[in-house]
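Structure, as structure tokens:
Read the figures in this text as sums done on the coordinates, not as results from a lab. Just so it is clear, the structure is predicted and the values come from calculations on it, not from any experiment. Quick reminder, even Gly has a Cβ in these numbers, built from the backbone with ideal geometry, and neighbours come from all protein chains shown.
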Number of protein chains: 2
Amino acid sequence: MKQDSRLSATLHVLLHMADRGTPMTSEELAACLGTNPVVIRRTMAGLRETGLVRSEKGHGGGWTLARALDAITLGDVHRALGEPALIALGHRSENPQCLVEQAVNAALDEAFAEAEALLAGHFDRVRLSDLAADFSRRFDDRRQAHAKHDKAL
Amino acid sequence: MKQDSRLSATLHVLLHMADRGTPMTSEELAACLGTNPVVIRRTMAGLRETGLVRSEKGHGGGWTLARALDAITLGDVHRALGEPALIALGHRSENPQCLVEQAVNAALDEAFAEAEALLAGHFDRVRLSDLAADFSRRFDDRRQAHAKHDKAL
DNA sequence: TGTCATGTAACATAAAAAGTTACATGAAAC
DNA sequence: GTTTCATGTAACTTTTTATGTTACATGACA
């Protein structure tokens, strides 16, 4: 199953944008991900429509966050991306005549709905500021590790 | 995201096999799903190795269930299919150098692990006999609806 | 007015599920 | 024993979706 990494990519990009403060071009953001600038523009288009980011053309232009990090949840981003399916499994056919298949679909739907609701709920509770805080913690950890290493030399 | 419908297909096939009682050929099972016999054989190969089904060659051959319906869970079938990923979202890269990406991965992994565990747990609690019972209920419902319809004529 | 940046269409690539063809192998029927 | 039926499996094609790329139009600032 090929996995959709747009949510991961978008979160990455948004955190870099917040970290920078000033507008970042599609080219700069693409470099962060090792991808193509057009991929960035295409992906960010949805976020712009939802009001999560702003874009400016011309000199000094680029992308900026339209809200504070603590005012954006993972759920907001997921919805802005068009709510891609969370569950990797699906049915063979919708509205089958076969009663066996109807029973199978019903059982799977129930299981999927449960997991999907849990995941969606989780997404709605996690803010970008939470990720930024985790980043800061990792940053400090790395700095301390380096300091220790330098001292040992 | 292309969804994997092998679990759905396999459950469908297994229930038909149980309903029949005698061996069913790949061709018959393929007809149930509107697919190709080779797809059936390929998919069932994993189930045979796990001991969920048996296959016989030659005249009167075909596929039969190796266990009772209440001794097979959805989880058994999922594992026999090679445990295909349950979550449709993924990371851009594993073990990234970028601390931002590390923070993103950590946040998503946590969310995914939670949902995946819920779904896997659900699969382990549902037996094929549960689906068969639901099928029977639907069958009776349809029969009653038909009877009512006939009476009205 | 030229440069920089986004906006977007159109096309190419990659990966995985699903479908197909072809043929080898083994078991039962005749 | 030979024919027929069925699985076993390799190799290939098709389809779908995410992703990557090229090309060019549009708008903003120096």
Work through the residues other than residue B:35 whose Cβ is under 15 Å from its Cβ and net out their charges, Lys, Arg +1 and Asp, Glu -1. 0
Could you grab the relative contact order for segment A:6-152? Cα pairs under 8 Å, six or more apart, rounded to a whole percent. 24 percent
Nearest 0.05, what FRET efficiency do residue A:59 and residue A:5 give at R0 = 35 Å with Cβ-Cβ as r? 0.65
What list of ³J(HN,Hα) couplings, whole Hz, do you get for segment B:75-82 from phi and the Karplus terms 6.51, -1.76, 1.60, once you set θ to phi - 60° and write x for glycine and proline? x, 4, 5, 4, 5, 5, 7, x
Rounded to the nearest 10, the angle in degrees between the Cα long axis of helix B:99-125 and the longest principal axis of the Cα atoms of chain B comes to 20 degrees
Apply the Kirkwood formula to chain A: the hydrodynamic radius equals the inverse of the mean of 1/r over all pairs of different alpha-carbon atoms; give it in Å with one decimal. 18.1 Å
With x for Gly and Pro, the residue-by-residue ³J(HN,Hα) of segment A:132-138, computed from phi through the Karplus equation 6.51 cos²θ - 1.76 cosθ + 1.60 at θ = phi - 60° and given in whole Hz, is 4, 5, 5, 4, 4, 4, 4
Consider all pairwise Cα distances in the protein assembly as shown and report the whole-number % of them above 37 Å. 36 percent
Qualifying trypsin sites (Lys or Arg not before Pro) in segment B:18-113, DSSP loop, other Cβ atoms within 10 Å at most 16: B:57, B:67
Across A:19, A:130, A:141, the residue with the highest GNM fluctuation in chain A (Cα network, 10 Å cutoff) is A:141
Rough spin-label spacing in nm, given labels placed 7 Å along Cα→Cβ, for residue B:109 and residue A:42: 2.9 nm
Which is farthest toward the positive dipole end of chain A among A:52, A:18, A:118, measuring Cα position about the Cα centre, with Cβ charges +1 (Lys, Arg) and -1 (Asp, Glu)? A:18
Counting only residues 5 or more apart in sequence or on a different chain, those whose built amide H sits under 5 Å from that of residue A:4 are B:89, B:90
Can you list, shortest first in nanometers, how far residue B:140 lies from the same residue in the other copies, with each label 7 Å from Cα toward Cβ? 6.3
Chain A: angle of helix A:37-49 to the longest principal axis, Cα-based, in degrees nearest 10: 70 degrees
If the label for residue B:27 sits 7 angstrom from Cα along the Cα-to-Cβ line, what are its distances to the same label in every other copy, in nm to one decimal, shortest first? 6.4
